[in-house]
Ligand SMILES: *Cc1c(COP(=O)(O)O)cnc(C)c1O
């Protein structure tokens with residue numbers, strides 16, 4: 001049955017936009033490849049997936065996702081190696097997380113192998129859109145939303161799964177200044193923080209904007225109950241290096257999104273013999289470590305930027321300065337290794353890259 005469903009119907013575009021791309025100016029997420037994948041869910045089953053020319057979709061005003069937020073997404077990257085092979089980084093992890101998000105949001109599940117195959121197929125069709133340049137990649141955005149035309153509140157019976165891709169430039173992220181947030185909450189126990197669901201991002205905009213007005217790029221989210229424990233930074237996971245040990249909030253709580261990048265950072269660090277502690281991390285210990293100099297590095301980890309070094313941490317009325325980011329040797333080494341791994345420049349010792 002899975003085999004049947006995986007016959008993807010392909011309608012190629014008659015006018016590729018590839019020639020019109022300005023490769024020297026690729027704003028993140030604004031340039032779209034020629035094709036998109038669409039697969040409907042109806043009558044309790046996934047319908048035949050189709051790859052079509054990228055374009056608008058028409059939706060009914062009562063489409064339930066718009067009103068009640070049954071909407072989830074994923075983000076991952078594909079790269080081209082020097083030899084021209086196409087590699088997708090850990091799509092199995094995204095497939096598993098998509099299943100978790102679906103379950104939490106009462107949405108139908110796409111089996112792992114099917115999700116990976118649909119991603120692979122679309123990337124294969126638009127492989128010429130993968131930039132052939134150092135640091136550039138193809139960002140892949142799978143998403144699923146409820147399509148019942150009904151304004152009663154209940155799980156939708158119909159859904160649309162789609163994937164599109166965007167060529168993106170080298171994400172050079174300036175060191176970021178972050179503010180420890182002690183009032184607003186990203187997620188609370190029993191909520192939907194672990195799901196990559198649309199509403200989480202809408203809800204974070206206002207607090208993030210307040211922080212930006214005070215000069216911070218991102219917020220460091222703390223637990224919703226006591227604001228005592230550190231959870232994430234913006235839409236990235238957060239990692240610290242304290243006295244040579246990598247310290248990061250454990251993911252046992254359902255308030256933390258389980259990032260593929262952070263998981264990879266932890267696995268790489270362990271394989272290099274760097275001590276790793278995944279545990280509850282208090283605001284107090286980070287503030288103390290920043291003041292006594294034992295906090296050597298801090299960074300956000302996520303697919304878009306890989307690793308975003310943190311330069312300053314705002315805490316109440318204080319600004320805690322970290323050592324200059326050039327001295328963040330552990331995170332710099334991990335970032336370089338991860339980028340090389342994704343681009344096929346080093347041996348794939350972990351077996352993380354799927355060759356298209
Ligand atoms: C997507 C996301 C991350 C990072 O996950 P990756 O799989 O590494 O891209 C972290 N936190 C939040 C809230 C996210 O949405």
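Quote to one decimal, in nm, the extra length available between residue 183 and residue 332 on full extension: 0.36 nm per residue of separation minus the C-alpha distance between them.
Between residue 183 and residue 332, full extension yields an extra 50.4 nm.
By count of other Cβ within 10 Å, fewest leading, how are 233, 253 ordered? Mind dumping the intermediate values first?
Details: 233 27, 253 17.
So the residues, fewest neighbours to most, are 253, 233.
Taking the beta-carbon count within 10 Å as an exposure proxy, list 181, 157 from fewest neighbours to most.
Taking fewest neighbouring Cβ atoms as first place, the list is 157, 181.
With no solvent and one point on each alpha carbon, what is the Debye value of log10 I(q)/I(0) for the range 1-113 at q = 0.09, 0.12, 0.13, 0.21 Å⁻¹?
Scattering profile of the range 1-113, log10 relative to I(0): -0.34, -0.61, -0.73, -1.59.
Taking only DSSP H segments of four or more residues, each worth -39500 (n - 2.57), what value at 222 nm results for the chain once the sum is divided by all its residues, to the nearest 500 deg cm²/dmol?
On the way: 8 runs with 89 residues, N = 356.
Estimated from H runs of four or more residues: -7500 deg cm²/dmol.
I need the calculated FRET efficiency for the pair residue 124 and residue 321, taking r as the beta carbon distance and R₀ as 35 Å, to the nearest 0.05.
In this case the efficiency is close to 0.15.
Using a Förster distance of 22 Å, how high is the FRET efficiency between residue 56 and residue 20, based on the Cβ-Cβ distance and rounded to 0.05? Present the calculation step by step, with values, prior to reporting the outcome.
Values: r = 18 Å, r/R0 = 0.82.
Rounded to the nearest 0.05, the efficiency is 0.75.
Multiply the residue separation of residue 227 and residue 201 by 0.36 nm, subtract the distance between their alpha-carbon atoms, and state the gained length in nm to one decimal.
Details: separation 26, 0.36 × 26 = 9.36 nm, distance 1.94 nm.
Length gained between residue 227 and residue 201: 7.4 nm.
Would you mind telling me which residue in 45, 170, 304 has the biggest mean-square fluctuation in a Gaussian network model of the chain, where springs connect alpha carbons within a distance under 10 angstrom?
Comparing 45, 170, 304 in the GNM, the peak value goes to 45.
Taking neighbour counts of Cβ atoms within 10 Å as a proxy for exposure, in what order, fewest first, do 339, 128 appear?
Least to most surrounded, the residues fall as 128, 339.
Viscosity 1.567 mPa s, temperature 4 °C: Stokes-Einstein D of the range 76-127 from its Kirkwood Cα radius, in µm² per second?
On the way: Rh = 11.9 Å.
D, rounded to a whole number, is 109 µm²/s.
By how many degrees, 0 to 90 and rounded to 10, does the Cα axis of helix 329-342 deviate from the longest principal axis of the chain?
Helix 329-342 and the main axis of the chain meet at about 10 degrees.
Quick check on the range 170-325: what does the Kirkwood estimate of hydrodynamic radius come out to from the alpha carbon pairs, in Å? Show your work: numbers first, answer last.
Working: mean 1/r = 0.0644 Å⁻¹.
One decimal place: 15.5 Å for the Kirkwood radius.
For the chain, how big is the tail of P(r) above 32 Å, as a whole percent of Cα pairs?
The proportion of pairs with Cα distances above 32 Å equals 34 percent.
Spin-label point model (7 Å from Cα, Cβ direction): what's the residue 28 to residue 149 distance in nm?
Modelled inter-label distance: 3.8 nm.
May I ask what percent, to the nearest 5, of DSSP beta bridges between residues of the range 176-342 are antiparallel? All intermediate terms of the calculation are to be shown ahead of the outcome.
Numbers: 23 of 34 bridges.
Roughly 70 percent of the beta bridges in the range 176-342 run antiparallel, per DSSP.
By how many degrees, between 0 and 90 and to the nearest 10, does the Cα long axis of helix 91-104 differ from the longest principal axis of the chain?
With rounding to tens, the tilt is 90 degrees.
Once you have all Cα-Cα distances for the range 95-182, histogram them in 10 Å bins from zero and send the whole-percent values.
13, 31, 27, 23, 5
Hey, rough spin-label estimate for residue 277 and residue 173, points 7 angstrom out along Cα→Cβ, what's it come to in nanometres?
In this crude spin-label approximation the distance works out to 2.4 nm.
Based on DSSP, what percent of beta bridges with both residues in the range 2-169 are antiparallel, to the nearest 5?
Numbers: 32 of 34 bridges.
That works out to approximately 95 percent antiparallel.
Suppose the chain between residue 209 and residue 99 were pulled fully straight at 0.36 nm per residue; how much longer would it get relative to their current alpha carbon spacing? Intermediate results must be reported in sequence, preceding the final value.
Numbers: separation 110, 0.36 × 110 = 39.60 nm, distance 3.10 nm.
Result for the pair: 36.5 nm of gain on full extension.
So how tilted is helix 112-125 from the main axis of the chain? Cα-based, degrees 0 to 90, rounded to 10.
80 degrees
Computed from the coordinates by the stated procedures, all read-outs in this text should not be read as laboratory data. Bear in mind that the values here come from a model prediction, so they are computed numbers and not experimental data. Positions of Cβ are generated from backbone atoms using ideal geometry, with glycine treated the same way; all protein chains shown enter the neighbour counts.
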